[in-house]
1. Pick from 254, 225, 191: which is most flexible by mean-square fluctuation in a GNM of the chain where alpha carbon atoms under 10 Å apart are linked?
2. For the chain, calculate the relative contact order in percent as a whole number, restricting contacts to Cα pairs under 8 Å that are 6 or more residues apart.
3. Could you pull out every residue, at least 5 positions away or on a different chain, whose amide H is within less than 5 Å of the one on residue 209? Hs are placed 1.01 Å off N in the peptide plane, and Pro or chain starts have none.
4. Counting only residues 5 or more places away or on other chains, whose amide H sits under 5 Å from the amide H of residue 219 once H atoms are built in the peptide plane?
5. Say we join alpha carbon atoms closer than 10 Å with springs in a Gaussian network model of the chain; which of 203, 227, 48 then has the biggest fluctuation?
6. Determine the gain in length on full extension of the stretch residue 193-residue 147; use 0.36 nm per residue of separation and subtract their C-alpha separation, reporting nm with one decimal.
7. Given labels modelled 7 Å from the Cα in the Cβ direction, how far is it in nm from residue 231 to residue 72?
8. Can you give the calculated 222 nm mean residue ellipticity of the chain, where each DSSP H run of n ≥ 4 adds -39,500 (n - 2.57) and the sum is split over every residue, rounded to the nearest 500 deg cm²/dmol?
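Coordinate-derived values only; no laboratory data. Source: prediction; values computed, not measured. Every residue, glycine as well, gets a Cβ built from its backbone with ideal geometry; the counts of neighbours run over all protein chains shown.
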Amino acid sequence: MLQFIDPYERDPDLGEPGRRWRAAELRLKSNEDLQKLWIVLMKERNMLHSTRALHRKRKTKMPHLARYPATRKSMAMIKVVLGERQRAKQERDERLAAESLCERSLAQTDLAASAVWPPWIPGAPRELPLAAPHTFSIVLRTLDGAKPTAVPPAHALAIELAYRGEVIPSALVEMRVHAQPPSRSRPDELAYNCHVYVSGQALPAADFLLSDEELGEPLDLELSASLYGKALGEGAVPVRVLASKRRRRHAALAGINRRMSETFRARKEAAAQGLDEMP
């Protein structure tokens with residue numbers, strides 16, 4: 001019971017109490033030491049609770065009242081240190097699990113046989129509208145034709161679009177990937193839906209135009225997909241990019257403005273000739 005009695009009640013001539021524990025000091029201790037220190041601080045906090053209640057009943061001043069917040073802050077610092085260690089352990093476990101999943105996924109996947117753009121009609125040109133969302137699929141196939149034992153997350157897949165040998169910056173190409181449910185008829189495949197949006201500023205607008213009002217042919221790009229940085233398929237897939245709706249609308253308006261100007265000019269000239277012929 002003496003542990004719950006304030007030592008300053010038994011001996012008022014005791015020296016000044018110590019300061020609180022700092023987080024930098026607690027980081028040097030093991031978890032076992034922190035557990036023991038937590039129990040000591042809990043006993044100290046309970047003793048201070050009892051002492052404070054006693055002095056309130058007596059209507060007297062408790063000696064060294066700063067001990068109570070110091071004890072609470074010390075216990076809070078223990079929670080901070082333990083939380084840091086728990087988060088570090090969780091991050092390490094997640095990193096090791098991701099590395100293990102990466103190794104198992106690459107070991108089971110046939111990178112050459114994996115399709116970059118599977119839902120496709122042979123012989124038709126691949127056309128990707130600029131500044132408009134487009135959806136396609138990526139299919140991963142296993143080396144042994146068996147059901148995959150490791151399922152890569154969606155963020156493990158990445159695509160790149162190259163124009164004239166230069167990769168378009170990722171800030172201008174937005175991609176979202178979602179895993180599809182496994183197919184019963186093709187148990188050796190993993191399919192992912194890819195939603196791609198290519199910004200209107202990704203390609204020079206002048207490359208789409210033959211003139212201010214006439215659009216040229218779609219631009220030729222190359223699309224490549226990768227799993228954990230390893231290229232899929234036999235190489236880059238050719239893609240034709242169409243002009244955006246805004247660019248087509250501007251070209252159409254330029255043609256309309258030119259024809260209207262020609263019509264107004266012809267009417268003005270005809271009216272002027274009619275006035276000249278009047279007596």
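1. It is 254.
2. Numbers: 348 pairs, mean separation 46.4, N = 279.
Worked out over the chain, it gives 17 percent.
3. When sequence neighbours closer than 5 places are left aside, the close amide H contacts are 216.
4. Here the answer is 241, since their amide H atoms fall under 5 Å of that of residue 219.
5. Per the Cα network of the chain with a 10 Å cutoff, 48 tops the list.
6. 14.6 nm
7. A separation of 6.4 nm, rounded to one decimal place.
8. Values: 5 runs with 111 residues, N = 279.
About -14000 deg cm²/dmol.
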